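The values are calculated or read from the model by the stated rules, or taken from the named source; none is laboratory data. All of these numbers come straight from a predicted model, not from anything done at the bench. Quick reminder, even Gly has a Cβ in these numbers, built from the backbone with ideal geometry, and neighbours come from all protein chains shown.
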Amino acid sequence: MQIIPVLDLSKGLVVHAKKGDRKNYLPITSHLCSCSNPIEIINSLLSLSDFKSIYIADLDALQQQGNNIDIIESICKAFPRLEIWLDTGLSMINDYLDNLKSSVLRLILSTESVDSLSTFTTLINNNPQHQFIFSIDYISGEILGPHELLQSPEQWPADILILNLDHVGSNQGISIPSQLNQYDLFQSHNIFYGGGIRNYKDLRKLKTLGATGALVSSALHNKAISKNDLLSLSQ
């Protein structure tokens, strides 16, 4: 199973995301690194494992309060072999699609940000060369965004992220919304889960369900998931 570390960026720094309360996120405190500089944080994460991908949320772009495009470009240059999964909301999607300088950059289309099925299919159909990731975002068991997106799985890309926003950074464990046909979804797509993952036991549960991978942040920074845990999951 693939483990994908998460970086939440705000004003050029890595912050600690917790329960989707983006206005009150503070710079991250980590047992792996003494600062919140994105490059140094990534280097510290790579000391744990040879991660193939990393997920970045540009919180400023998501809130339409600026962006971190310069920081993200510097990350792509500093780690040319690291695949970057990037969530900017719709505000920056076209900027990245028009100026993709890194073949390792993959953009997220999320139910939180995409306003209609038409917008979703237009982006996918107009950019067939790009490997989009579809993120199903939910809070308190309720999936965000247009329901028509959920009713058209034939339009979805192969890689699906199930993102529990109100479990992010909360150490509350795994919870998949009942609206999703969990069995069919895990059979038909590559499923990645994020939000609330506490430890190796949670990751083993996801692996048993058939998950392709998991997004993890707090459990890495507080060392609840160890190097040996990561090695075991990769085997």
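So here's what we get for this one:
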{"item": "Qualifying positions in the stretch 58-98 - part of a helix (DSSP H, G or I) and not hydrophobic (A, V, I, L, M, F, W, C)", "result": "Asp60, Asp70, Glu73, Ser74, Lys77, Asn94, Asp95, Tyr96, Asp98"}
{"item": "Test: residue in the stretch 39-55 that is assigned to a helix (DSSP H, G or I) and closer than 29 Å to Phe120 by Cβ", "result": "no"}
{"item": "From the options Leu185, Leu215, residue that is in contact (Cβ under 8 Å) with a residue 40 or more places away in the chain and either closer than 18 Å to Met1 by Cα or small (Gly, Ala, Ser) (or both)", "result": "Leu215"}
{"item": "Per-region count, the stretch 101-148, residues closer than 18 Å to Ile162 by Cβ, aliphatic (A, V, I, L, M) and assigned to a strand (DSSP E or B)", "result": "7"}
{"item": "Answer residue from the stretch 134-173, given it is of a type in the set (Val, Ile, Thr) and surrounded by fewer than 21 Cβ atoms within 10 Å (Cβ to Cβ) and is modelled with the highest pLDDT among those", "result": "Ile143"}
{"item": "Residue match in the stretch 203-219 (condition: farther than 21 Å from Ser49 by Cβ and among the charged types (D, E, K, R))", "result": "no"}
{"item": "All positions within the stretch 93-112 that are at pLDDT below 90, out of contact with any Pro (no Cβ under 9 Å at 6 or more places or on another chain) and of a type in the set (A, V, I, L, M, F, W, C)", "result": "Leu97, Leu100"}
{"item": "Candidates Leu45, Leu109 - the one that is over 19 Å from Ile133 (Cβ atoms), of a type in the set (A, V, I, L, M, F, W, C) and surrounded by 20 or more Cβ atoms within 10 Å (Cβ to Cβ)", "result": "Leu45"}
{"item": "Any hit, the stretch 85-92, residues being surrounded by fewer than 20 Cβ atoms within 10 Å (Cβ to Cβ), in contact with a helix residue (DSSP H, G or I) (Cβ under 8 Å, 6 or more places away or on another chain) and over 20 Å from Ser10 (Cα atoms)", "result": "no"}
{"item": "Criterion violated by Glu154 - all others in (1) within 21 Å of Phe186 (Cβ to Cβ); (2) in contact (Cβ under 8 Å) with a residue 12 or more places away in the chain satisfied", "result": "(2)"}
{"item": "Tally, over the stretch 1-33, of residues that are within 22 Å of Ala211 (Cβ to Cβ), at pLDDT below 90 and among the aliphatic types (A, V, I, L, M)", "result": "1"}
